[in-house]
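Throughout, read-outs are computed from the coordinates displayed, never taken from laboratory work. It should be emphasised that the depicted structure is a prediction, and the values quoted were computed from it without experimental measurement. Heads up, the Cβs are rebuilt from the backbone with ideal geometry, glycines too, and the neighbour counts pull from every protein chain shown.
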Amino acid sequence: MSATQKPQVLAATPLLEARALTKHYVVGSRLSRSGKKLVRAVDGVDLQLMTGETFGLVGESGCGKSTLARCLVRLQSITSGSLMFEGRDITSLSTRALRPLRPRLQMVFQDPYASLNPRRRVGNLIADPLRVHTRLSSVQIRARVAELADLVGLSLEQMERYPHEFSGGQRQRVGIARALALSPRIIVADEPVSALDVSVQAQIINLFADLQEKLDLSYVFIAHDLSVIRQVSTRAAVMYLGAIVEIAPTATLYASPAHPYTRALISAVPAPSVNRANRQREILEGDPPDPASPPTGCRFHPRCFKAEARCGSERPLLRQIAPERSVACHFPLIEAAAGS
């Protein structure tokens with residue numbers, strides 16, 4: 001059963017919250033022709049993940065989704081802003097101070113082969129977090145590995161194999177088992193099905209849903225495929241060039257997008273021929289701008305059919321236009337509710 005089919009009761013306090021989270025990189029050097037450049041990979045992101053929720057994050061390749069994912073689990077340092085986990089500010093914690101929190105905040109990576117050491121058996125790869133973070137005996141670790149293998153649909157015999165002996169879907173199951181080893185509260189899944197065949201994608205998506213029900217997990221689920229986000233998430237955010245442009249309950253987002261970029265993304269999703277007659281296709285002009293030199297004002301305005309003079313000079317802030325709904329647009333496609 002997908003997350004959109006099962007209502008979820010969420011706590012009032014966010015389990016994970018990013019406030020104006022920013023990650024910038026300096027590329028090049030003063031000796032190169034173009035000199036040093038500042039790449040604004042993530043630029044002022046605000047989002048909240050509630051307990052028991054699947055929060056979807058979608059956007060074009062290169063918009064900063066993976067960088068944001070790594071910042072959310074503190075695999076990368078944060079340039080500015082703040083990150084709260086379980087009500088605690090973890091923005092600037094040292095590696096040593098973060099270590100007790102690592103078991104509760106885990107990540108599943110996009111490429112299941114690149115994230116696994118090809119020289120080690122998968123049973124050892126799954127056991128590594130247990131050896132580092134727990135004092136379990138060898139017998140207890142083996143029992144836990146067997147339990148995790150069964151949980152993700154693998155056999156104990158397969159734990160003696162190497163990553164290259166598995167299919168892509170099986171390798172992703174190994175990655176999920178490793179992330180589950182320390183009983184986390186949150187899993188940030190960075191495009192976990194994009195490298196898989198469509199039939200295998202469905203199996204992994206169903207596995208995520210089953211694990212959430214069994215283990216009371218919360219997900220940040222990242223994808224560039226809107227149909228995947230629609231299937232798995234309860235709320236979704238749309239990201240463009242390092243910034244969130246719209247956040248809404250997933251069903252609302254798809255039924256009536258408020259940001260022009262969101263509508264263009266949704267219109268590009270393949271639909272059955274029976275639904276095409278009533279569907280308006282939005283064609284985006286041009287390519288996404290260079291994050292090292294983004295446009296002034298709204299970053300989407302060079303490609304937006306609703307852009308006006310204000311859009312080129314004033315950057316729109318993410319503002320609430322309806323209950324549980326926010327958009328960063330001066331001229332959204334739907335009107336703001338009274339008092340928003």
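Per-residue Karplus couplings for segment 38-49, computed as 6.51 cos²θ - 1.76 cosθ + 1.60 with θ equal to phi - 60°, are listed in order as 9, 9, 8, 5, 10, 9, x, 8, 10, 7, 10, 10 Hz, Gly and Pro entered as x. A straight line joining the Cα centroids of segment 105-148 and segment 235-253 runs 33 Å.
Taking the alpha-carbon distance from Lys214 and a cut-off under 21 Å, which lysines remain once sequence neighbours fewer than 8 residues away in the same chain are dropped? Those lysines meeting the cut-off are Lys6.
Remark: relative contact order (the chain) = 20 percent; criterion is Cα-Cα distance under 8 angstrom and separation of 6 or more residues.
Go through 152-158, 111-117 and give me the packing order, highest mean Cβ count within 10 Å leading.
Working: 152-158: 15.3, 111-117: 17.0.
Those peptides, ordered most packed to least, come out 111-117, 152-158.
In a Gaussian network model over the chain where Cα atoms closer than 10 Å are linked, find which of Ser82, Ser293, Ser92 has the largest mean-square fluctuation. Highest fluctuation among the options: Ser293.
Given segment 140-213, report the % of alpha carbon pairs whose separation exceeds 21 Å. Counting every Cα pair in segment 140-213, those more than 21 Å apart make up 23 percent.
Taking the Cβ-Cβ separation of Ser34 and Leu317 as r and a Förster radius of 35 Å, what is the calculated FRET efficiency to the nearest 0.05? Before the final figure, lay out the partial values.
Working: r = 31 Å, r/R0 = 0.88.
Using R0 = 35 Å, I get an efficiency of 0.70.
Model label points for Tyr162 and Arg142, set 7 angstrom from Cα along the Cα-to-Cβ axis, are 2.3 nm apart.
Looking only at the chain, where both bridge partners belong to it, what percent of the DSSP beta bridges are antiparallel (to the nearest 5)?
Details: 28 of 46 bridges.
Approximately 60 percent, going by the DSSP bridge assignments.
Counting neighbouring Cβ atoms within 10 Å and putting the fewest first, the residues Ser80, Ser66, Ser218 line up as Ser80, Ser66, Ser218.
Annotation: the residues Cys311, Cys298, sorted from fewest to most other C-beta atoms within 10 Å of their own C-beta, follow the order Cys311, Cys298.
Dividing the convex hull volume of the alpha carbon atoms of the chain by its residue count gives 169 Å³ per residue.
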